[in-house]
Structures are given as structure tokens and as C-alpha cells.
1. Does the range 119-127 contain at least one residue that is outside any loop (DSSP other than H, G, I, E, B), surrounded by 12 or more Cβ atoms within 10 Å (Cβ to Cβ), hydroxyl-bearing (Ser, Thr, Tyr) and in contact with a Leu (Cβ under 7 Å, 6 or more places away or on another chain)?
2. Could you give every pair whose Cβ atoms fall below 9 Å, whose first residue belongs to the range 177-193 and is in contact (Cβ under 8 Å) with a residue 60 or more places away in the chain, and whose second residue is in a loop (DSSP other than H, G, I, E, B), counting only separations of at least 6 or pairs across chains?
3. Quick one: how many residues across the range 204-257 are assigned to a strand (DSSP E or B), closer than 30 Å to GLU60 by Cβ, open to solvent by 60 Å² or more (accessible area, probe 1.4 Å) and among the hydroxyl-bearing types (Ser, Thr, Tyr)?
4. Just to be sure before I move on: is ASN81 over 15 Å from the mean Cα position of the chain (by Cα) and either surrounded by fewer than 14 Cβ atoms within 10 Å (Cβ to Cβ) or among the hydroxyl-bearing types (Ser, Thr, Tyr) (or both) in the structure I sent?
5. Note down all Cβ pairs under 8 Å where the first residue falls in the range 37-63 and is of a type outside the set (Ser, Thr, Tyr) and at pLDDT 90 or above, the second is open to solvent by less than 40 Å² (accessible area, probe 1.4 Å) and assigned to a helix (DSSP H, G or I), and they're at least six residues apart or on different chains.
6. All but one of (1) aromatic (Phe, Trp, Tyr); (2) buried (at least 17 other Cβ atoms within 10 Å of the Cβ); (3) in contact with a Leu (Cβ under 8 Å, 6 or more places away or on another chain) hold for PHE181, so report the exception by its number.
7. Inspect all residues belonging to the range 176-197 and state whether any of them is part of a strand (DSSP E or B), of a type outside the set (Asp, Glu) and at pLDDT 90 or above.
Amino acid sequence: MSLTKPVFDDSSSKFRAVISFSTILLTALILSCSSLQNMMSKYAPDISLANTDIAGIDFEGVDMLFTYQLKNNVNYSTTMNNLKFDLTADDKLVTSVDSPQNVEIPALGTTTFDIKHRIKYTDFAENIMGLFNKDSFNAKVKGTVGVFISQTIGSVNIPISASKVVEIPKIPAVKFDSFNFKSQNLASLNPSATFDLNLKVNNKNSFLANIAALNYNFSAAGMNVAQGAAQNISLPAGQETSLSIPVTVKGKELINMLPKLRDFSNNGGYNLNGAIDVGNNIKIPYSLP
């Protein structure tokens, strides 16, 4: 009787051996990464957002200021050696920064650093006129802070993020106040009369608003009386400012209209329109009444 020897196929055994080794290696890597992460977290400084503020604002843009605090957890000094972040406004990228740093964090001590950047409205708004009709936009900063711990441990990257809702400046509101007769000279060949066009301009913002120009076209009693521009107007924060514009009317045909101009409210009323030039080629139209 013949006996058949069992045939041993070692290929499956080798495959199982490879799988076992890979499993052991992967487990070791996971454990080593976990251990490394635990070690790094032990030495990594704590970071916190100390303050988010608006350093300046006008009709062109806003200066954002994010202040962070780093707390060293080891009894020797470390160094913040890199700052990398994206700054967005209404989710549109305004700037990306990847900058080397040299900020020392004392042993078991704290230090602060600032992220300051000016956001121009033209950086993220497709329609400036439409932007000024909105109440606010959302500014966000997101990135990492690199901190060098030691030659042995190396550097760690700590995530940072912050956001702030920023109010959009309100365009000053123009109101008609009065059109007052001052004097007349009817004796000359070119008779004239002078008036004061009195306006009120309301700045609803919490900052001093500097207006490059207030352009105006003024009609009364069915006639075009005056047009021009008042230049370089400063409007105190949260206040209504009175603005008096001298107007001279000349010509015999206009002088004949003096009685109506002196009491134009009973002779057809008035129309006032123009534009507020807030700088940066931004001109906001207005029309009264």
C-alpha cells in the first residue's frame, strides 16, 4: 500500500507571515506616532486668542488686529519661528502669509503676538455700491504657529483661528436745511444776489469721517440755481454737521426770479442731488427730496 505524502504549499504561509509582519509594523507605527504626539503635546506651548479688535476703519477699508497669547509649558525658553495664515473676508481670500518669526517665549512664561492686516473693501467686494448697503462682513484668520522646542524635539505647529463680524461704514446722509437770501446788488450792469445753501450731513459712524467732496446741483422755483462741490469735509463721529455753502446768482434773467427764490417753498419747491465722494474713486449718489 502506498502512502501519499501531503503536499505542503508554503506560499500561503509566506503571505500570512507578510500580513502579520505588516500588522505588527503598522501597530508599532501607530503607537510610535501616538507616543510622539503625546510627547509633543507635553512640550508644545498653549495658545489662546487674547483679543480681536478693529485698529482703524474708514470708507476705504478696515485694519484688523488679532492678538494671541503663547504660554510656555517647559522650564526653558522656546522660540516662535514661523507664522502661517490665511485671512478671508466673507469667505473670499484677502491674503496668505507664510513668514519666519523670531519671538522668544520665556521659560514657563507667556508672550503675545499680533496679526494685523488692512482689508480693503475692493479686495473682496465685487460691487462697492452694494457693499455699502450691507450692515457687516465676516473677517476670519486661520493658520498655524510654528514653535521651535529644542534640537532634540524639533518644532511643533499649533493651529490658530479667529473671526470677527465687522460693521460696514454708513454713508453720511445729506439733508436740506434752508436757502437763505443774504444780499443783492442790482445797480451794476451785471446784477447779482447772494444766498446761503444750508445743508445738514449726518455721520452715523463711530469714527471721524473725512469726505473728499460733496457735489451738489440745486434747483429752486423751477430754475437751476447752483452747482459745485464743497471740498474736504470732516464729520465728527455720530453727529450731524451743519454745512453752509455760499451761492451767488448773477444775470438779469435770474434777478427777475429773486422774489420766487426768496420764498421758493411756495413757488415750486426745490431739488437737490449730487454725490458724496468718500475717496478711493467711490462716489455715492444722493437725491432730495
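1. Looking for residues that are outside any loop (DSSP other than H, G, I, E, B), surrounded by 12 or more Cβ atoms within 10 Å (Cβ to Cβ), hydroxyl-bearing (Ser, Thr, Tyr) and in contact with a Leu (Cβ under 7 Å, 6 or more places away or on another chain), one finds at least one in the range 119-127, hence yes.
2. GLN184/PRO191; ASN190/GLY251; PRO191/GLY251; SER192/LEU186; SER192/GLY251; ALA193/LEU186
3. So the answer is 3.
4. No.
5. If the second residue must be open to solvent by less than 40 Å² (accessible area, probe 1.4 Å) and assigned to a helix (DSSP H, G or I), the pairs left are GLY61/TYR121.
6. (2) is the only condition that PHE181 fails.
7. Scanning the range 176-197, I find no residue that is part of a strand (DSSP E or B), of a type outside the set (Asp, Glu) and at pLDDT 90 or above, so the answer is no.
The values are calculated or read from the model by the stated rules, or taken from the named source; none is laboratory data. Quick caveat, the model's predicted, so the values are computed rather than measured. No Cβ is skipped: glycine too gets one built from the backbone with ideal geometry, and neighbour counts run over all protein chains shown. When the accessible area is computed, the model is the full protein with side chains, heavy atoms only, and any ligands, DNA or RNA have been set aside. Shrake-Rupley method; radii C 1.70, N 1.55, O 1.52, S 1.80 Å.
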